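The values are calculated or read from the model by the stated rules, or taken from the named source; none is laboratory data. The model shown is predicted, which means the values in this text are computed figures rather than measured ones. Here the Cβ positions follow ideal geometry from the backbone for every residue, glycine too, while neighbour counts run over all protein chains shown. Side chains are part of the model used for accessible areas, which takes the heavy atoms of the whole protein and leaves out ligands, DNA and RNA. Shrake-Rupley method; radii C 1.70, N 1.55, O 1.52, S 1.80 Å.
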Amino acid sequence: MVGMSATAVRPKLESLRTLPGDDVRQILWRFTDRYDLQMLVQSARSVARGPVARLVADGGRNSHEWTPRKNELLEAFDKSGITGAFMDLEHGGFIGGPKNLVLALIAFELAWVDGGAATASLAGDLALAPIHERGTPEQVEHYMKLACPPLPGEERKHWRGAFCLTEPIPYVGVDTGMLNGKLRVAEWKDGEEPVLQAEKRGRFITNIAYANFVTAAVDSGDERIKGSCMVILEETDPGTFDRGTPTKKLVHQISSTGDPIFNLRIPASRIIGGYTVKDGIIVPNYSHGEVIESVFRRTRVTVGLMTSAHLLSAIEPVIRYQRGRFRGAETATPGSVRYQFGLQQREDALQRLADVWAAGEASASLGFAAARLFDVVDPLERERDEILRQRGITGGRATMKIMRAAEQVALELLELEPGSELRAQLESDPLVRYVMLDSEANVLCPATKLWNTGVGVNYMREAVSLMGGYGITEDCPGFLANKWMDAQLEATYEGPECVQRRQLSVTMTNPVFLAQFRQWIKEMRQVASTHPGTGACTMATAMMLWLWTLDHAQHSTDADGAKLYHGARQGVTFPLADALGWLLAARQFILDVLELEKCGPENPSVAEGLPGLLQFYADLCHLQSARASGEVGRICAEIVFGFNRHPAWDEEGYKSCYIADDLDSLEGLIPGIAACATEVIGADGSHPAKAGPCASCRGNAAQFQALRTKLDTCLTGARLAKDRAAEAISKVMIPEALDYPA
Ligand SMILES: Cc1cc2nc3c(=O)[nH]c(=O)nc-3n(C[C@H](O)[C@H](O)[C@H](O)COP(=O)(O)OP(=O)(O)OC[C@H]3O[C@@H](n4cnc5c(N)ncnc54)[C@H](O)[C@@H]3O)c2cc1C
């Protein structure tokens, strides 16, 4: 690889010429062969950088109300294909197959300009998702068609939806099991379908100003209904459909949010997924938790990508600001260094921008990898269900048994060499494939939501800071301050960080995931051997350190004998989940850059500047790997050592110290020992001025120390990479002006 291979690392390297364009992104995020998606990206972009950007520039975010001007965007979404992209072909959509990557790309394009606009579009999909994932065939057919934008000349009302889970405090929020919304039987005549009364108050419900239907989570308030479920409420149902007052948001104002109140009579056929009647009791086929799990599992990836778009969209405006900072001053005459480079004369300004850029790329890499993975898992999941149906397997226990057997095969095959015949044969079993991909998806989804948004919002602050005072004004090109705050909401909704950490703390310990993770370590070493400048070796060591620490935490206790790794001990599980996010993002970034190296030469416009681009990306990978390793090292060290009690100057602590008199005697036998001894207790009980005798490694922690030291030395070269990346940024060509208004 030019610029990245072992031999190609030479003092004068090719440099980045222009900002990465669509051709490059299509390779990195693997949609070069999807012309339909490329067209949709262009369409979504024209809406984002056209009407959305103009609305934001005209102060559309200064009001909480859903104004006619904001409402016009919905039509722009419909016309551009943004709304219809969610629908399947049979319901009037225009893109076949799974839609995870499609929706991710749309969200990315819209969030490049405004997070609220992206949310308004996504919230419609979110309202439909419970029906799409778990609805009865009739429900799917009915609501998907209603929500599909009418074709030109088609006379029919176009329905829009809202998703209503969150309730006023003290209910729902993070603990989605705590529902106050109630479903009761209003009327149930013999032989007829029951009529139900649905009472639900929502808090912070997106799209509520114009929703024609709402998918709402409710619990049973009647002994004739079992458990919870989700129901579909329509604006014309008898009773109250009060949209409530608009939420006074500081973010995402180009979406409508409010606290609605519903008290409506609905037929029981509105229970999402249907129901059965057993002994006179209505038993919904899916609890609200089951529906929500299948929905959020996909939609959270898209939210994560919104923050990635904010970060990457910041690069061009920051470069332009930095370069033009002193132009017009007497001392900055055209042609002078000050005129040409502006703030980019300064190393720190460039290096911080390199950090933002690398984080943005890594988060996009992670998010799009997750979206693509769900596109593979979705049909496989249906295949799994069909196989189980054909084998007559029903019920949780029987399903679990067969999936456990598939897990066992997966674990065995992961011990085999990749590419071996036996492995390929075992992998061809759809259940085994499903188990492997599902275990990965169960990690990548919460990791994307957690890392991209939570860490992304902090990087967004860095981006804002690089624009100085301008950064925190409405005039800031690229609306960076808006995006900074928006990212905080992206970290919050569809479950804030603690929800993702909680989920990761379970899914990341799945043996099938961990077996794959071990393979990824080997893979990173392989990559490192051919591409040493990418930080892949650092990643492999950091991944080993994380794995070692997880295993240690799972089998160790703290100073008081309490188990370290368990669900309630968030001080252990959550940081390890955070650390994993850093690893996964940096790893995926490296893999994407390898893809660019492989496929770039096939595209003439990419091939032209490829050596410089690859060198730049390799350097970004390297600095991101170094940053990720630093985080992982810090977190792991705190967990390995932080739960031991520090030795004190007491009887127990003295056991590891020398007594001054003894040391004098020993000096006669081993000359020089006194000079080396640091823990010496004087005859009068005096001791060195510090917290206590230094802690030594307990148990097998010496292995950890060896790994940690190795990880530190693995950082070799990372700052040289950052120097190069910074220099490349100072030379890259950018367009004359941003292609959307400020
Ligand atoms: C603009 C906007 C739009 C929204 N749109 C929708 C929508 O369309 N539909 C919908 O249903 N909801 C929507 N929401 C609601 C959103 O999903 C919730 O606000 C979010 O899930 C968090 O719930 P909460 O606000 O009740 O936070 P809380 O549950 O109060 O959590 C606050 C914090 O407490 C801590 N915490 C709480 N529980 C735990 C725990 N078990 N372990 C560790 N820490 C914990 C965490 O630090 C957490 O971040 C929206 C919110 C906003 C602001």
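Miscellaneous remarks
- Placed amide H near ILE681: partners under 5 Å, 5+ positions off or other chain: TYR658, ILE659, ALA660
- Equivalent ellipsoid semi-axes - Cα gyration tensor, region 297-447, angstrom: 53, 16, 10
- Percent accessible area from carbon and sulfur atoms, the chain, protein chains only, probe 1.4 Å: 53 percent
- Residue-by-residue Karplus 3J(HN,Hα) for region 242-252, coefficients 6.51, -1.76, 1.60, Hz, glycine and proline x: 9, 6, x, 8, x, 6, 7, 7, 9, 9, 6
- Principal axes of region 574-614: Cα extent on each, largest first, Å: 46, 15, 10
- All distinct Cα pairs of region 426-553 go into the 1/r average, and the inverse of that average, the Kirkwood radius, is 17.3 Å.
- Difference of contour (0.36 nm per residue) and Cα-Cα distance, ARG423 to ILE472: 12.1 nm
- Computed E for GLU667/VAL174 - FRET, C-beta separation, R0 51 angstrom, nearest 0.05: 0.25
- Share of pairwise Cα separations in region 492-536, more than 12 Å, in percent: 69 percent
- By a 1.4 Å probe calculation restricted to protein chains, MET485 has an accessible surface near 80 Å², given to the nearest 10.
- Scattering curve values for region 252-380, log₁₀ I(q)/I(0), Debye with Cα scatterers, q = 0.23 Å⁻¹: -1.25
- For region 482-634, alpha-carbon Rg over 2.2 N^0.38 Å: 1.22
- For THR399 and VAL277, a Förster radius of 30 Å and the Cβ-Cβ distance give a FRET efficiency of 0.80, rounded to the nearest 0.05.
- Computed over the Cα atoms of region 209-257, the ratio of the radius of gyration to the Kirkwood radius (Rg/Rh) comes to 1.08.
- Taking N as its residue count, the alpha carbon Rg of region 181-336 over 2.2 N^0.38 Å: 1.64
- Remark on region 431-471: Rg and Dmax equal 17.1, 56 Å (Cα only).
- Using the Cα coordinates of region 1-132, the gyration tensor eigenvalues translate into equivalent-ellipsoid semi-axes of 34, 21, 12 Å, sorted from longest to shortest.
- Stokes-Einstein D for the chain, Kirkwood Rh over Cα pairs, 10 °C, 1.306 mPa s (µm²/s): 56 µm²/s
- Where the chain is the region considered: accessible area per residue in Å², 1.4 Å probe: 43 Å²
- Karplus (6.51, -1.76, 1.60) ³J(HN,Hα), θ = phi - 60°, over region 716-731, in Hz, Gly and Pro reported as x: 3, x, 5, 6, 5, 4, 5, 4, 5, 4, 4, 5, 4, 5, 5, 10
- Convex hull of region 600-742 built on C-alpha atoms - directionally averaged projected area, nm²: 16.9 nm²
- Residue-averaged 222 nm ellipticity for the chain, from DSSP H runs of 4+ at -39500 (n - 2.57), nearest 500: -17500 deg cm²/dmol
- Qualifying GluC sites (Glu not before Pro) for region 179-211 [loop in DSSP, other Cβ within 10 Å: at most 15]: GLU192
- Rg over Rh for region 117-197 works out to 1.06, both radii taken from alpha-carbon positions and Rh defined as the Kirkwood radius.
- Cα centroid separation - region 20-56 against region 280-338, whole Å: 14 Å
- Tensor-based shape of region 158-250 (alpha-carbon gyration tensor, a/c under 1.5 rounded, otherwise prolate or oblate): oblate
- The tail of the calculated P(r) for region 365-507, taken as Cα-Cα distances beyond 24 Å, holds 51 percent of the pairs.
- From the alpha carbon centroid of region 445-479 to that of region 142-157 is 38 Å.
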